[in-house]
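The values are calculated or read from the model by the stated rules, or taken from the named source; none is laboratory data. Computed from a predicted model, the values in this text were never measured in an experiment. Here the Cβ is made from the backbone with ideal geometry for all residues, glycine too, and neighbour counts use every protein chain on show.
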Amino acid sequence: MSQDQAQLKIAGFTDAGLRRSHNEDHIGFNQNLGIAVLADGMGGHQAGEIAAHMAVESVLENLQYLINQKTLRSITGSQLLRYVSHTISHSNRLIYQAAKAHEERRGMGTTLVAAIVTGSRIYAGHVGDSRLYLYRNQTLRRITKDHSLAQDLVDKGFYTEEEARTANVGHLVTRALGTEAEVDVDTVQHDLEQDDLLLLCSDGLSDMVTDRIIEKTLDKHPGDLEKTARALVALANEFGGRDNISVILMQLQPKPDHAAETE
């Protein structure tokens, strides 16, 4: 599908879950510019909520600035990925400095996953265990790798992915924004096809709902991103809702006139 035949749709939803008194997740997106950002904060005295909010607002603002400069046509994919990485690293420094300046915020941090869709390609960066999935041809595939103790144990062969879901290894992340002066940001780029669906989520979804059930849910309301996002959050709560839950869905859909032509 060419860019003039497609339009990007984005929907997002976040919920405190059933066991938390407040929501330390934060999401933000700009459908017109094709940007989505999701963060899962950590830290006492609601400091995690502050960290997540700072991360999303900082990254979203900087990515919007880049695209509004209309420079995307003149930069390469690798340059765009470097900009995403630098933007997330800048956010890390802001949170780290804020934590040092306020005693009650010491140790605060957040995971983050950010994505830009331009043309028929996605460019993304992430830190921590918030995830980016690609749903294509009724098959769900994770295209980020968690920065977590559980993932490290899977990589070393101690557990399979399925075993790690139920293993008693806690929810320790090995990277987060704001906890150190510098952070390593992983980036990924991927070509998109017609009807591909992108899912950004916090571990409040992925810990409670298996990939297989997420896959089935994405198939229930094709094209209705708002209904699908809310259905995923409702499922996480149905299965226990132990943590805050956040979901953002992005999809390149045919423009109405082109959709009519294909019917």
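Numbers at a glance
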read-out: Residues satisfying the stated conditions in the range 98-134, i.e. crowded, with 17+ Cβ neighbours inside 10 Å, assigned to a strand (DSSP E or B) and more than 14 Å from the chain's Cα centre (by Cα); value: 109, 118
read-out: Within the range 177-222, tally of residues that are assigned to a loop (DSSP other than H, G, I, E, B) and under 30 Å from residue 90 (Cβ atoms); value: 12
read-out: Test for residue 224: is it at positive phi and not hydrophobic (A, V, I, L, M, F, W, C); value: no
read-out: Positions within the range 166-185 being buried (at least 17 other Cβ atoms within 10 Å of the Cβ) and either in contact with a helix residue (DSSP H, G or I) (Cβ under 7 Å, 6 or more places away or on another chain) or closer than 14 Å to residue 145 by Cα (or both), in sequence order; value: 173, 175, 176, 177, 178, 183, 185
read-out: Residue among 95, 67 that alone is β-branched (Val, Ile, Thr), at pLDDT 90 or above, on the phi < 0 side of the Ramachandran plot and out of contact with any Cys (no Cβ under 6 Å at 6 or more places or on another chain); value: 95
read-out: Residue that is crowded, with 16+ Cβ neighbours inside 10 Å and out of contact with any helix residue (DSSP H, G or I) (no Cβ under 9 Å at 6 or more places or on another chain), where the choices are 225, 218; value: 225
read-out: Subset of the range 244-263 [at pLDDT 95 or above and either in a loop (DSSP other than H, G, I, E, B) or in contact with a helix residue (DSSP H, G or I) (Cβ under 7 Å, 6 or more places away or on another chain) (or both)]; value: 244, 245, 246, 247, 249, 251
read-out: Conditions (1) over 27 Å from residue 196 (Cβ atoms); (2) at pLDDT below 95: number failed by residue 1; value: (1)
read-out: Matching residues, the range 135-164, being touching a residue at least 12 places away in the same chain (Cβ under 8 Å) and either small (Gly, Ala, Ser) or surrounded by fewer than 14 Cβ atoms within 10 Å (Cβ to Cβ) (or both); value: 138, 139, 148, 150, 164
